[in-house]
Protein chains: 2
Amino acid sequence: MIDRIQRLTAYRRSLERLKAAGILRVTSGLLAEASGTSASVVRKDFSVFGLQGKRRGGYGISEVLEGISTILEGVSRQGVVLVGCGNLGQALLRYAGFSGDGLAITAGFDTDPARINRRGKPPILPPGEMSRVISETGATIAIIAVPDFAAQETLNRLAELGIRGILNFAPVHLHAPAGTHVRNVNLEMELEGVAWLASLPAGAPDKEDA
Amino acid sequence: MIDRIQRLTAYRRSLERLKAAGILRVTSGLLAEASGTSASVVRKDFSVFGLQGKRRGGYGISEVLEGISTILEGVSRQGVVLVGCGNLGQALLRYAGFSGDGLAITAGFDTDPARINRRGKPPILPPGEMSRVISETGATIAIIAVPDFAAQETLNRLAELGIRGILNFAPVHLHAPAGTHVRNVNLEMELEGVAWLASLPAGAPDKEDA
């Protein structure tokens, strides 16, 4: 199911681009090509989510976009905090994909006093204020970008404070208490995966491609 | 198979930490717990890669680490370039996980003259020098961190220059020519996935957890 939800995000982006290009209707095949999946997956996803708007000439883009917004509304209305404002953390704080209509980071936290920036957008605050900010903003999601040795402790603290979903960039496996969900983005592993694909003899099957 | 290769990277990290903690041997169960997988997956992976060193009391950590190094040697000896040195690109240039023993970024490229930094480690150069640098360093891997509208064109150019593996951070589906492999890291989709998990009623099955 999480794959379906993630594909919805991809469809939304593709549909917005197609709409901006002046297109009014798409077939499942065209949307699949733009989103990197297959027409049958698009049709199945649309059916699961009850996305309507299919007529001759394909789905009405505006209609489908509205449907996707409704589905993702509850998902996107959650507050996000980020812990660990080193190079990667600061880049994520400013990452455009995290500051659009949907999910937006409300604050960053760092133990290093030199990184505190109360006037930043979003601000970077000391960890002592995490409890207050999470409670005031009702944030339920956190991004962990601390060094690996500090990651588990950070997760434990966030879970205590009511955080329910965590996107973890620390390259270490974290143990989450029941009711807290962790997704790992291990950049080193992703790069090693690509390197392995690149090291294959030319012409080797590449069905592993994303 | 790419999952297996990526797990090898995770095992290596876990084993290095265990070794640093003074431990000499691990069971598949302990390694699985540290790496976020199951003991049977560890045993299967070790068997597929012919990793030896199992005796009573588990696998010898040094022996397994040597085996993993040998397997990954060809993979890790490839040069990496990065295209697009905005916030995210610059964070990736400095990302410690990309500058260790293995894969390291040799240069970044950006069209914005203000971002050029020839003395940087790694340097940031204008795109006009991409052909020379890739040919001189023999780089076969690239990271794309350009805005989405420029991503496909960047991929095409990199493929022409002999790049065989691409890690794409632009939130758009790219079409790769035969022989070029693309892996996508879509941070927005990852965050939406976590947000969806966090929005589930407490107690809902969380088998989607990473």
Inset, instruction - Name the residue, out of B:Leu158, B:Leu82, that is more than 30 Å from B:Val42 (Cβ to Cβ), part of a helix (DSSP H, G or I) and among the aliphatic types (A, V, I, L, M). - result: B:Leu158
Legend entry - Residue identified as open to solvent by 10 Å² or more (accessible area, probe 1.4 Å), more than 9 Å from chain A (Cβ to nearest Cβ) and not acidic (Asp, Glu) among B:Arg157, B:Arg183: B:Arg157
Inset, instruction - Go through A:Val26, A:Val64, A:Val42 for me and flag whichever is within 13 Å of chain B (Cβ to nearest Cβ), modelled with pLDDT of 90 or more and crowded, with 19+ Cβ neighbours inside 10 Å. - result: A:Val42
Legend entry - Tally, over the range B:14-25, of residues that are under 19 Å from B:Arg4 (Cα atoms) and touching a Phe, Trp or Tyr at 6+ places or on another chain (Cβ under 8 Å): 0
Inset, instruction - Taking B:Glu66 as the residue in question, decide whether it is under 24 Å from B:Ser135 (Cα atoms) and free of Cβ contacts under 8 Å to residues at least 24 places away in the same chain. - result: no
Inset, instruction - Check the range A:196-205 and report whether any residue there is closer than 21 Å to B:Glu16 by Cα and touching a Ser or Thr at 6+ places or on another chain (Cβ under 9 Å). - result: no
Legend entry - Out of A:Ile134, A:Ile116, A:Ile143, A:Ile166, sole residue that is more than 12 Å from every other protein chain (Cβ to nearest Cβ), open to solvent by less than 10 Å² (accessible area, probe 1.4 Å) and over 24 Å from B:Ala104 (Cα atoms): A:Ile134
Inset, instruction - Search the range A:33-50 for residues that are under 20 Å from A:Ile71 (Cα atoms) and pair each with any residue that is not in a helix (DSSP H, G or I) when their beta-carbon atoms are under 8 Å apart and the residues are at least 6 apart or on different chains. - result: A:Ser35/B:His173; A:Asp45/A:Leu51; A:Phe46/A:Lys54; A:Phe46/A:Tyr59
Inset, instruction - Just one of (1) more than 9 Å from chain B (Cβ to nearest Cβ); (2) in a helix (DSSP H, G or I); (3) more than 16 Å from B:Gly193 (Cβ to Cβ); (4) in contact with an Asp or Glu (Cβ under 9 Å, 6 or more places away or on another chain) trips up A:Tyr11, so point out which. - result: (3)
Legend entry - Verdict on A:Tyr11 being aromatic (Phe, Trp, Tyr) and either without any contact (Cβ under 8 Å) to a residue 40 or more places away in the chain or in the same structural domain as A:Ile116 (by TED's automatic domain parsing) (or both): no
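The values are calculated or read from the model by the stated rules, or taken from the named source; none is laboratory data. Quick caveat, the model's predicted, so the values are computed rather than measured. All Cβ positions, even for glycine, are placed from backbone atoms using ideal geometry, and neighbour counts span all protein chains on display. Side chains are part of the model used for accessible areas, which takes the heavy atoms of the whole protein and leaves out ligands, DNA and RNA. Shrake-Rupley method; radii C 1.70, N 1.55, O 1.52, S 1.80 Å.
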